[in-house]
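Step one of this worksheet: look at the structure below.
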Amino acid sequence: MSAALHHQLSLASSAALSASDHDLAFHLQLTEAIQASLPSNAAAPAPPEEPSDASCALEIHAADLARAEHDRRDAQACRAYHARAAASVRVAAHDALFARDLAAIPEDRWAHDGDYFERPLPLEGGGALFRVLFKGMASREVVGPRDRDPGVGVLAVAICGPRGEVVLRIHKPVQAQAQQGRMMLEAMALVEGLNAALALGIRTLNVLTDNKPLHNHMSGIWRPRQKRLVDLINEAFSTKQKFEQCEILCVARTQVNYVTKLATDSLHTQIAKAAAVSAGKEKKENCTICLEDTDVSKIHAVEGCAHRFCFSCMKERVKVKLLHGMLPACPQDGCTTKLNCGGFKDVPISTVISDHGAAYQGSTNSSNSQDLLPISQVFSLDVHERTDTSNASIILKVHSC
């Protein structure tokens with residue numbers, strides 16, 4: 001693959017250079033011919049023309065090949081880094097096991113044969129039998145402020161060496177939907193643990209679980225029915241076949257206490273974080289008019305229909321309706337609830353009344369004192385139209401609040 005890519009890159013580069021040289025030679029010959037046909041006192045030669053489409057295409061192709069070569073080198077460096085990390089983990093596990101064995105040697109034997117103890121590091125990850133513990137756990141209650149909000153779940157994995165030392169710990173949060181259930185989270189944790197062991201270069205391992213139904217699924221005794229669970233079980237089977245030796249054992253719950261505690265601690269942390277976020281969300285409410293999140297203390301509930309809108313939108317709504325000589329109604333689409341002054345005690349719209357109250361008084365007929373509009377009754381207007389012989393006017397009939 002690398003040799004073919006290098007060959008294509010060299011061919012493209014040479015083709016681009018050749019095309020560029022041909023274009024340059026053609027333009028030079030054309031310039032010389034033009035200069036020879038012009039008088040001796042002619043102007044300076046014209047600027048060279050742009051390269052042809054073929055040369056541009058070859059240059060773009062060469063750039064793409066160079067970029068692909070750069071990506072290949074980056075991927076190779078990433079794989080080498082992961083291999084070094086896996087090798088360091090294997091060396092650490094081997095050294096820890098050897099140190100324990102040396103510490104268990106009696107003093108008299110160590111004084112006599114201490115210089116002859118050795119344990120070569122195996123070339124491969126196989127030989128030593130590792131153990132993988134996993135646990136998928138979800139909160140029983142919905143943490144969000146609404147019932148449809150996702151719950152909190154965690155995946156916990158612990159990889160132990162031959163003597164029980166913990167080589168790697170993994171705990172990651174996931175969104176636990178109501179339809180997933182415990183079986184789904186356990187299968188996700190199993191896949192996570194197998195992939196982690198495979199990334200460390202481990203070849204022989206035992207997978208311990210206290211979930212009997214999952215063990216039956218992995219043993220072929222039961223067949224899952226949910227599509228998502230079927231996909232996870234198939235993925236676990238595919239990953240399991242990549243090991244030289246991999247056996248899934250159903251053990252007592254006490255043998256997986258470590259990973260259970262790891263999952264429980266992580267779950268409590270995630271629940272606390274989600275509860276804090278949910279508490280912050282509960283203090284905000286989205287206005288259906290401006291579509292902005294507003295503090296609940298600045299939300300007005302319309303009396304009669306209980307539709308809720310922010311103060312600024314209600315203020316603009318009342319202002320526009322009063323300017324048109326209309327009784328304000330609920331802004332909700334299709335709602336016909338009329339607004340009254342008693343329902344605006346919590347809305348700071350005194351400026352609207354003071355700014356536009358005089359306009360209503362001036363717009364009415366000054367000869368009819370019963371049509372004069374008091375400022376305190378601006379929200380109890382009932383608009384009627386009547387046709388006069390001179391012009392059309394709007395009579396505002398006042399009702400007490």
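The values are calculated or read from the model by the stated rules, or taken from the named source; none is laboratory data. Not measured: the values here are computed from a predicted model. We place every Cβ from the backbone using ideal geometry, glycine too, and count neighbours over all the protein chains shown.
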**Prompt:** Looking at this structure, is R148 under 24 Å from the mean Cα position of the chain (by Cα), modelled with pLDDT under 90 and basic (K, R)?
**Reply:** yes
**Item:** Number of positions in the stretch 65-114 that are farther than 28 Å from A196 by Cα, hydrophobic (A, V, I, L, M, F, W, C) and within 44 Å of the chain's Cα centre (by Cα)
**Value:** 3
**Request:** Identify all residues within the stretch 248-274 that are exposed (fewer than 13 other Cβ atoms within 10 Å of the Cβ) and either in contact with a helix residue (DSSP H, G or I) (Cβ under 9 Å, 6 or more places away or on another chain) or under 17 Å from E192 (Cα atoms) (or both); write none if there are none.
**Result:** L249, R253
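From the set of residues in the stretch 296-327 that are of a type in the set (D, E, K, R) and closer than 22 Å to K283 by Cβ, which is farthest from the chain's Cα centre (by Cα)? Walk me through how you get there before you give the answer.
The initial filter retains those residues of the stretch 296-327 that are of a type in the set (D, E, K, R), namely 298, 303, 308, 315-317, 319, 321.
From the residues that got through so far, the ones that are closer than 22 Å to K283 by Cβ too are 298, 308, 315.
Values: K298: 31, R308: 31, K315: 37 Å.
Top of the filtered list is K315.
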**Item:** Scan of the stretch 314-326 for residues that are surrounded by fewer than 16 Cβ atoms within 10 Å (Cβ to Cβ) and hydrophobic (A, V, I, L, M, F, W, C), ordered by number
**Value:** V320, L323, M326
**Asked** Which of (1) of a type in the set (K, R); (2) modelled with pLDDT of 75 or more; (3) over 30 Å from R182 (Cβ atoms) does R131 not meet, given it meets every other one?
**Response** (3)
